[in-house]
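Data block below; observations after.
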Amino acid sequence: MSSKLIISGGLPLTGEIRASGAKNAVLPILAATLLSDTPMHVGNVPHLQDVTTTMELLGRMGVDLVVDERMNIEVDPRSIRELRAPYELVKTMRAAIVVLGPLLARYGRAEVSLPGGCAIGSRPVNLHINGLQAMGAHIDVEGGYIIARAERLHGARIVMDQVTVTGTENLMMAACLARGESVIENAAREPEVVDLAHCLICMGAKIEGAGTDTLHIDGVDSLTGCHYDVLPDRIETGTYLVAAAITGGRVRIKDTRPDLLEAVLLKLVEAGAEISTGDDWIELDMQGRRPTAVKVRTAPYPAFPTDMQAQFTALNAVAEGTGVITETIFENRFMHVHELQRMGSDIQVEGNTAVSRGVPRLRAAPLMATDLRASASLILAGLVADGDTSVDRIYHIDRGYECIEEKLAQLGARIRRVPS
Ligand code: EPU
């Protein structure tokens with residue numbers, strides 16, 4: 001049943017919550033289990049729709065999955081019989097493309113539906129395909145499917161034209177079981193890519209350079225299962241910090257990693273927040289102040305993440321002064337702006353830039369979520385709007401935020417889920 005969220009704005013958020021495991025790390029890690037000869041245990045798994053979809057995808061391949069009540073997942077790939085990711089699952093979750101490299105490297109064959117574009121841009125996968133071809137794969141595109149075959153992949157030197165997160169992940173996973181050495185240059189340095197590398201190393205892979213732009217991978221003959229805990233979600237953490245900043249509140253996020261959020265914390269300080277951190281927690285105190293508008297430019301890690309852009313657009317909408325947001329990763333990631341305008345914000349989009357003259361208050365309105373991070377920004381705006389904001393199509397938010405209304409309620413927000 002579809003549902004919507006109703007948010008009654010106006011309360012500063014205060015309190016403490018725990019960060020969940022990272023969506024964008026757990027998805028490739030679950031795909032990496034396909035490389036293993038023995039069962040694998042994945043811990044700190046967030047309860048998300050995208051995780052359910054990935055489990056369904058692996059389950060349909062014949063992989064055996066056992067989930068305990070704490071969301072630890074045991075994956076046994078030995079019963080696999082179908083090397084295919086069907087359109088009806090890939091269309092709901094583009095990240096399913098990350099099964100391509102593992103299936104091909106371990107089983108010599110893969111059929112993966114082309115993901116196609118989505119609300120935030122055209123999102124091609126040409127770099128995934130080119131890289132696998134350089135490693136010896138034969139790839140055809142037929143009937144909307146990528147059909148890939150290889151006897152055994154061989155190592156290759158691959159220079160990525162553009163920094164791509166899942167592209168780097170697919171090629172890194174494939175290279176782990178290829179014959180010989182691979183070098184991936186202009187690799188993505190995102191923490192989720194590093195987490196995947198650590199997981200693969202724990203399975204027996206030989207990878208050097210994770211977290212830099214050059215990966216050296218020495219292919220091995222086989223990988224085996226291990227226990228791996230997924231890293232905390234930096235985007236979820238950042239979203240709750242903005243929720244506190246936008247409402248003038250004070251929150252502490254536990255079980256997170258401040259070192260993965262430097263660019264975001266810097267912008268929050270510029271916006272007027274007081275930030276303190278420990279090894280695994282971040283506290284933000286706005287002391288009731290209205291935020292100051294900031295200038296943000298998205299770029300690959302360690303620069304400011306595109307996945308935090310929509311949340312800062314909401315912050316700028318109610319901040320003091322004029323804010324400028326430049327989106328350099330995806331060509332169409334300003335869908336939330338139209339909805340924020342309906343709440344009385346003054347934002348002009350020109351090309352890839354959104355210029356916002358902050359207004360003191362927003363007005364509640366019925367809103368429609370268009371993608372995951374856009375939905376988050378609408379909820380943030382609802383927290384400071386006068387009246388009751390409803391956000392429809394929240395299946396987008398359930399893809400990537402674990403128990404969002406419970407966590408926000410724990411911080412004192414008035415939010416509830418109702419059938420739509
Ligand atoms: N690109 C190409 N060709 C390719 C691959 C990418 O031109 O073969 C382009 C894309 O069109 C885009 C840029 O390269 O302009 C970067 O895209 P990237 O491949 O890095 O994105 P992704 O791997 O599909 C992941 C995250 C996204 C996040 C981006 C950027 C996962 C599962 N998804 O996507 O997360 O925005 O990296 O950091 O890791 C989200 O969580 O809301 C989300 C969209």
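One residue alone among GLU88, GLU82 is more than 14 Å from the ligand (Cβ to nearest atom), open to solvent by 20 Å² or more (accessible area, probe 1.4 Å), free of Cβ contacts under 8 Å to residues at least 60 places away in the same chain and assigned to a helix (DSSP H, G or I), and that residue is GLU88.
Only one residue in ASP221, ASP279, ASP255 is in contact (Cβ under 8 Å) with a residue 60 or more places away in the chain and not basic (Lys, Arg), so which one is that? Among ASP221, ASP279, ASP255, only ASP255 is in contact (Cβ under 8 Å) with a residue 60 or more places away in the chain and not basic (Lys, Arg).
Among the residues making up region 24-35, a single one is more than 9 Å from the ligand (Cβ to nearest atom) and either without any contact (Cβ under 8 Å) to a residue 60 or more places away in the chain or open to solvent by 10 Å² or more (accessible area, probe 1.4 Å) (or both): LEU30. Filtered by the rule that a residue be open to solvent by less than 30 Å² (accessible area, probe 1.4 Å) and free of Cβ contacts under 8 Å to residues at least 40 places away in the same chain, region 359-371 gives ALA365, LEU367, ALA369. Among the residues making up region 333-367, none is within 16 Å of the ligand (Cβ to nearest atom) and among the acidic types (Asp, Glu). Among residues of region 1-23 that are open to solvent by 60 Å² or more (accessible area, probe 1.4 Å), those with a beta-carbon under 7 Å from a residue that is small (Gly, Ala, Ser) at least six positions away or on a different chain give the pairs SER2/SER420; LEU11/GLY412; LEU11/ALA413; PRO12/GLY248; PRO12/GLY249; PRO12/GLY288; THR14/GLY249; THR14/GLY412. Selection of region 63-79 for residues being at negative phi and either part of a loop (DSSP other than H, G, I, E, B) or surrounded by fewer than 16 Cβ atoms within 10 Å (Cβ to Cβ) (or both) yields VAL63, ASP64, VAL66, ASP68, GLU69, ARG70, ASN72, ARG78, SER79. Please indicate, with yes or no, whether at least one residue in region 174-190 is open to solvent by less than 20 Å² (accessible area, probe 1.4 Å), among the hydroxyl-bearing types (Ser, Thr, Tyr) and in a strand (DSSP E or B). Looking through region 174-190, at least one residue is open to solvent by less than 20 Å² (accessible area, probe 1.4 Å), among the hydroxyl-bearing types (Ser, Thr, Tyr) and in a strand (DSSP E or B).
Would you mind stating whether PHE330 is within 16 Å of the ligand (Cβ to nearest atom), aromatic (Phe, Trp, Tyr), open to solvent by 10 Å² or more (accessible area, probe 1.4 Å) and under 22 Å from the mean Cα position of the chain (by Cα)? The answer is yes for PHE330.
Would you check which residues across region 8-44 are more than 25 Å from GLY412 (Cβ to Cβ) and not in a helix (DSSP H, G or I) and list them? Residues satisfying the conditions are ALA22, SER36, ASP37, THR38, PRO39, MET40, HIS41, VAL42, GLY43, ASN44.
Let's see how each residue does on (1) hydrophobic (A, V, I, L, M, F, W, C); (2) modelled with pLDDT under 95:
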residue: GLY358; (1), (2): no, no
residue: LEU367; (1), (2): yes, no
residue: THR370; (1), (2): no, yes
residue: ILE379; (1), (2): yes, no
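Scanning region 132-155 for residues that are open to solvent by less than 80 Å² (accessible area, probe 1.4 Å) and within 16 Å of the ligand (Cβ to nearest atom), we see that the one that is nearest to GLU88 (Cα to Cα) is ILE146. Please work out if GLU283 is surrounded by fewer than 24 Cβ atoms within 10 Å (Cβ to Cβ) and either at pLDDT 95 or above or within 27 Å of VAL355 (Cβ to Cβ) (or both). Yes, satisfied.
One line per residue, one yes/no per condition, for (1) touching an Asp or Glu at 6+ places or on another chain (Cβ under 9 Å); (2) surrounded by fewer than 23 Cβ atoms within 10 Å (Cβ to Cβ); (3) touching a residue at least 24 places away in the same chain (Cβ under 8 Å); (4) more than 22 Å from ILE17 (Cα to Cα):
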position	(1), (2), (3), (4)
HIS336	yes, no, yes, yes
LEU380	no, no, yes, no
LEU383	no, no, yes, no
GLN410	yes, yes, yes, no
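Taken over region 91-101, the residue count meeting the criterion of being in contact with a Cys (Cβ under 8 Å, 6 or more places away or on another chain) and open to solvent by less than 20 Å² (accessible area, probe 1.4 Å) is 0. Which one is nearest to the chain's Cα centre (by Cα), of the residues in region 119-131 that are open to solvent by 50 Å² or more (accessible area, probe 1.4 Å) and at pLDDT below 95? This residue is ARG123. Only one entry of LEU57, LEU48, LEU104 meets the criterion of being buried (at least 18 other Cβ atoms within 10 Å of the Cβ), hydrophobic (A, V, I, L, M, F, W, C), free of Cβ contacts under 8 Å to residues at least 60 places away in the same chain and within 16 Å of the ligand (Cβ to nearest atom), and that entry is LEU57.
One line per residue, one yes/no per condition, for (1) over 27 Å from ILE397 (Cα atoms); (2) at pLDDT below 95; (3) within 19 Å of the chain's Cα centre (by Cα):
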{"position": "GLY62", "(1), (2), (3)": "yes, no, no"}
{"position": "ILE73", "(1), (2), (3)": "no, no, no"}
{"position": "ARG78", "(1), (2), (3)": "yes, no, no"}
{"position": "GLU82", "(1), (2), (3)": "yes, no, no"}
{"position": "TYR87", "(1), (2), (3)": "no, no, no"}
{"position": "THR92", "(1), (2), (3)": "no, yes, yes"}
{"position": "LEU104", "(1), (2), (3)": "yes, no, no"}
{"position": "TYR107", "(1), (2), (3)": "yes, no, no"}
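The residues of region 163-184 that are free of Cβ contacts under 8 Å to residues at least 40 places away in the same chain and more than 16 Å from the ligand (Cβ to nearest atom), listed by number, are GLY180, GLU181, VAL183.
The values are calculated or read from the model by the stated rules, or taken from the named source; none is laboratory data. This is a predicted model, so every value here is computed, not measured. Methodologically, a virtual Cβ is constructed for each residue, glycine included, from the backbone with ideal geometry; neighbour enumeration extends over all protein chains shown. Side chains included, ligands, DNA and RNA excluded: accessible areas come from the protein's heavy atoms. Shrake-Rupley method; radii C 1.70, N 1.55, O 1.52, S 1.80 Å.
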